[in-house]
Amino acid sequence: LFFSDDFMRGDESMGGWKVVTGKWGITQQGSRASRSAKAFTFHSEGAAPSLAVHGNVWDCDYAAQCAVRCDNDGAVGLVVGYQNERDYYRLRWTAASGADGGTFRLQRVLDGKVTDLMAPISSGFKPKVWYKLALSMSGGWVYGWLDDVPMFEVATSTFGEGKIVLYSE
């Protein structure tokens, strides 16, 4: 089963994405759309954590990837194994100019409590630059990539299935 979304639609159609927290919208690049590799974007607004979810609670053994860009010192990421707003695995990546100096982390959110599942990797993003993030959950392992470079593989056992989520702060 393959799922893909290019967000080529108006704001009124979320294309199966459900906003859990925060404010999300679709933006078209205007007159530059025909010359842009990313003519439409799905974006969040505000500093509070924002989650937009897609898929089924029984989805398992899959990989999620997306092009991300943050225009400030916030955080971006992907979520796999999403059960509900309080239970999931999260790849959280912060800006190099942020408070923590920029880190790449795999975290488990269990009953709302956040736990790092590995030592943070010192590697922050530059605002207004596009990157490719990927997160995979398969056979008791979670794998993460940044621009097709493997960043981690961590054994996990809390969630073996769940939805995919786009994450930002």
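The values are calculated or read from the model by the stated rules, or taken from the named source; none is laboratory data. Nothing here was measured: the structure is a model prediction, and the numbers come from that model. Quick reminder, even Gly has a Cβ in these numbers, built from the backbone with ideal geometry, and neighbours come from all protein chains shown. The protein model used for the area step is the full one, side chains on, heavy atoms only, and it has no ligands, DNA or RNA in it. Shrake-Rupley method; radii C 1.70, N 1.55, O 1.52, S 1.80 Å.
Observations, loosely collected:
- Under Karplus coefficients 6.51, -1.76 and 1.60, residue-wise ³J(HN,Hα) of segment 74-79 in Hz, glycine/proline x: x, 9, 10, x, 10, 10
- In this structure, the amide hydrogen of Phe152, modeled 1.01 Å from its nitrogen in the peptide plane, lies closer than 5 angstrom to those of Gly144, counting only residues at least 5 positions away or on a different chain.
- Charge tally in the Cβ shell below 11 Å around Val114, where Lys, Arg are +1 and Asp, Glu are -1, Val114 excluded: +4
- Here Lys113 is the anchor, and the lysines within straight C-alpha reach of less than 22 Å, apart from those fewer than 8 places off in the same chain, are Lys163.
- Distant-in-sequence amide contacts of Val20, defined by a placed amide H-H separation under 5 Å and a gap of 5 or more residues or a different chain, comprise Leu51, Ala52, Val53.
- Phi-based couplings in Hz for segment 148-157 (Karplus 6.51, -1.76, 1.60; Gly and Pro marked x): 6, 9, x, 10, 6, 9, 10, 6, 9, 9
- Each of the peptides 67-74, 162-169, 113-120, 82-89 was scored by the mean count of other Cβ atoms within 10 Å over its residues; in descending order, highest first, they stand as 162-169, 82-89, 67-74, 113-120.
- Figure note: Met137, Met151 ranked by solvent-accessible area, largest first, 1.4 Å probe, ligands and nucleic acids not counted: Met151, Met137.
- For segment 90-102, Karplus couplings with θ = phi - 60° (6.51, -1.76, 1.60), whole Hz, Gly/Pro x: 10, 8, 10, 10, 10, 5, 4, 8, x, 4, 8, x, x
- Placed amide H near Ser168: partners under 5 Å, 5+ positions off or other chain: Ser50
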